[in-house]
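Okay, structure first, notes after.
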Amino acid sequence: MCGIIGYIGNRQATPILIGGLRKLEYRGYDSAGVSVIDPSSGAGSRVVRCRGKLSGLEQKLVAEPAVGTVGIGHTRWATHGRPSDENSHPHKVGAISVIHNGIIENHLTLRQELASAGAKFSSETDTEIFAHLVDHALTAGAPDLVTAVRRSLQKVRGSYAFVVMSDKEPGTLVAAKNSSPLVVGLGDGENYVASDVTAILSETRKVIFIEEGEMVVVTRDAVTITDFDGNVHKREPKIITWSALQAEKGGFKHYMLKEIHEQPRAVADTLVGRVDLENDDVLLDGIELDVKSIKRIIFIACGTSFHASLVGEFLIEALARIPVEVDVASEFRYRDPIIGKGDLVVAVSQSGETLDTMEAIREAKKKGAKVLAISNVLEASIPRLADYAFYTHAGPEIGVASTKAFTTQLVGMALLAIYLGRRTGTLKPEKARELLAELVALPQKLRDVVESGAQIQAIARRYGNATGFLFLGRGAQYPIALEGALKLKEISYIHAEGYPAGEMKHGPIALIDEHLPVVVLAPRGPSYEKTVSNLAEVRARQGKVIAIASRGDNEIGSHSDDVIVVPDVALELQPIVTVLPLQMLSYYVADFKGTDIDQPRNLAKSVTVE
């Protein structure tokens, strides 16, 4: 989950590296560093690194400038070794500097072998092991850096994106990828390598996404892609249409708040070109699924994407009448799942790089299932690994806690359910037309919700000192309760639980007293009366009730301490509007508490380790 960036060209590398790391800081937060070399000086590279935020590295670089036109930079999320200056990247052994995203699984064996051969380690990290491997390969006779890296890769197991630089070949960067994201940016007389395209968008929009098991050799004037055996791979660059400005805060206090407010636009973008009102149908970007052959759909996802998948289960079973299961991706392959021909696996990942989900896809494909990926990041690893890819078009999401990516995933679930329902024949044209019209009208209704921020902020301040929250929902609102609890705990560090409202009496009711805020999702629908009865049970025990209700509901106020209203929408689309108040409540509680909202402790945006 670390962020990596490399530059080679004619300009000073350090400002470019720091600028890229600033965009990647959401991927790692416990340390940062750079290694920079001036090819014309004949001197070795200068490594500057430190524990803590990127601002600490910037201050250190003022006192210890790193001058040169070639360099690599890194922002770290600790896996091996505590956060410290010594464990910060880049790691340098001899002439070799290395940065790394991922985990070397056989690091203990390799460390013992290297130590037996006389290697001295200065850190606890697995990354330093790779630097020793490359240095050892050169000492043992590898003719150049590329060969040394290739020989070293043969010895490591795990997930990784490495970038390697040598003082003795300062005109070359060598990178390699296995299960961790890697992209090359192309410039005029200069080139870039990074773990995320957002790191280099301000410099170039012409990129090449590196595939699994590939190496890339980057010089000022050329980029050469090979497999690990040296066979050349040809690939045309792609042009990224996101602007660098889209990744800026745009005047908002935090990225998360900006991204909450971007949701109407993100939903509209996700719908563009996909709603066919003339034929009461959905167009899935040229995807043609053999729906008649689908016997079962299995969603695999983690975290927020898992909650979106739970909503997808409700939608597909209701509209298409295809059996659906939802699996946590990190557990999927360890239970030897019964899966094969006739199963469609839908892999959901905001970043498209979630390693648990990638491994689950490999397991599913090995057993003969077809895979459809739902992702927000163009050409990420998961969509490329899948048989079919559906992109949500939320645009860059910088805040670690997902908001607009989740909402557009819900829109994607609705589109997929309508698409399937029309082809199974269970969704009649009239109902499809109604749902599609409601989808088209959603962006304006979402604007109405995000404009209620002042009321939600006032509620957040009343309950901001609570030590716990309970979120309750029925039906498709239960996954939204889970998502609301996750958002609150992620960014405010308050313990929160999401529960099916009917299950409250089977345990959580013991927690309820006058100090516990209970958020109840109670929009109009078949479960409304039962949900209100659950709400009354909370009030009878002096719990504080915050109700999320449909506009015009005159009854709910008599059972609640606070009411946040949302526009009326079709039952199937209610989760898309009810989640927004929960995102905003979490944001304003966290803001009241003064936590680090965009970069919560211990979390990273793209989870590329198991």
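Points worth noting:
- Summing Cβ point charges (Lys, Arg +1; Asp, Glu -1) relative to the Cα centre of the stretch 51-119 gives a dipole of roughly 140 debye.
- About its Cα centre, the stretch 452-597 has a charge dipole of approximately 120 debye under the convention of +1 per Lys or Arg Cβ and -1 per Asp or Glu Cβ, with nothing else charged.
- Projecting the Cα atoms of V311, I16, T408 onto the dipole axis of the chain, where Lys and Arg carry +1 and Asp and Glu carry -1 at the beta carbon, places I16 farthest toward the positive end.
- Building the convex hull from the alpha-carbon atoms of the stretch 468-610 and averaging its projection over directions returns 9.3 nm².
- Charge sum, other residues only, whose C-beta stays under 9 Å from G189's C-beta, Lys/Arg counted +1 and Asp/Glu -1: -2
- Per-peptide average of other Cβ atoms within 10 Å, ordering 223-235, 386-398 highest first: 386-398, 223-235
- Centroid-to-centroid separation of the stretch 442-463 and the stretch 537-572 [C-alpha atoms, Å]: 15 Å
- Positive-end extreme of charge dipole, the chain - chosen from L289, P581, F228 (charges on Cβ): F228
- Cα gyration tensor shape for the stretch 256-332, rounded if a/c is under 1.5, else prolate or oblate: oblate
- Gyration tensor (alpha-carbon) shape descriptor, the stretch 3-246, a/c threshold 1.5: rounded
- Set of lysines with alpha-carbon distance to K53 below 25 Å, sequence-local pairs under 8 removed: K23, K92, K249, K253, K258, K487, K489, K593, K605
- When the charge dipole of the chain is built from unit charges on Cβ atoms (+1 for Lys and Arg, -1 for Asp and Glu) and taken about the Cα centre, the candidate among F121, A347, A360 whose Cα reaches farthest toward its positive end is F121.
- Cα-projected label distance for E86 with D448, points at 7 Å along beta-carbon direction, nm: 6.1 nm
- The chain, dipole about Cα centre (Lys/Arg Cβ +1, Asp/Glu Cβ -1), debye to the nearest 20: 300 debye
- 11 Å beta-carbon shell around I104, net charge (K/R +1, D/E -1): 0
- Its Cα gyration tensor gives the chain an equivalent ellipsoid, and the semi-axes of that ellipsoid, as √(5λ) in whole Å with the largest first, are 45, 27, 22.
- Among 369-381, 292-304, the order from most to least packed when residues are scored by Cβ within 10 Å on average: 369-381, 292-304
- Cross-link reach is defined here as a Cα-Cα straight distance under 16 Å, omitting same-chain residues fewer than 8 places apart; for K370 the lysines meeting it are K292, K295, K341.
Laboratory data are not the source of any read-out in this text; all were calculated from the coordinates shown. Keep in mind that what you see is a predicted model, and the values were worked out from it rather than measured. Don't worry about glycine lacking a Cβ; one is built from the backbone with ideal geometry, like all the others, and counts go over all protein chains shown.
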